[in-house]
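Q: I have a structure here, written as C-alpha cells, and I will follow up with some questions on it.
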Amino acid sequence: MNISIDEKVKEYLKKKGESAITIKLVTADNCCVPGAFPSVEIGKPKDNELDRFKRFDIDGVDIYVHKMIEVKERGLKIYMEGLSFLSRPAVDGVKVL
C-alpha cells in the first residue's frame, strides 16, 4: 500500500510526543446521508482493537489502517488540515462508502 506522510504531520507528531497514527472509519447513520467516513487519530488503537488494523511503518511513523478501509489506487496521503493552532492530521485516498 502506498502511504505518504506530509512533513508537517511528522512535526506535529513530534510536538505531541507521538509516533503513531490510526486511520479508521466513523459511521454516520442519519436519514439524509448514511455512510462511513475516514477519521485520523493520534496514537495507536486500543490493545483490544489491534487485530482490526493493518500496521505500516512509514518514515518511522506507525500507521494503523482499519482493515475495512478501501484505498484508492493512488494510495493514502496524510496531511495537515485547518489553520494554525486548529490544524489536525487528515487523510486523502480513502474510498468513502
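Q: Residue 39 label point, 7 Å along Cα→Cβ, cut-off 20 Å on backbone N: hits in the range 63-86?
A: 63-71, 77-82, 86
Q: Normalise the Debye intensity by I(0) for the range 3-92, one equal point scatterer per Cα, no solvent, then take log10 at q = 0.20, 0.26 Å⁻¹ and round to two decimals.
A: -0.99, -1.43
Q: Then there is this: Return a whole-number percent for the relative contact order of the range 3-92, with Cα pairs under 8 Å and 6 or more residues apart as the contact set. Display every interim value, and only then the final one.
A: On the way: 143 pairs, mean separation 30.1, N = 90.
Contact order relative to length: 33 percent.
Q: Tell me which trypsin sites (Lys or Arg not before Pro) from the chain have a DSSP coil assignment and no more than 13 other beta carbons within 10 Å of their own.
A: When the trypsin sites (Lys or Arg not before Pro) of the chain are filtered for loop state and at most 13 Cβ neighbours within 10 Å, 46, 67, 72, 74, 95 remain.
Q: Now a separate question. Note the angle between two axes, namely the Cα long axis of helix 7-16 and the longest principal axis of the Cα atoms of the chain, as a number of degrees from 0 to 90, rounded to the nearest 10.
A: It is inclined by approximately 80 degrees.
The numbers here are math on the coordinates, done by the rules we state, and not lab data. Computed from a prediction, not measured in an experiment: that's the story for all the values here. Quick reminder, even Gly has a Cβ in these numbers, built from the backbone with ideal geometry, and neighbours come from all protein chains shown.
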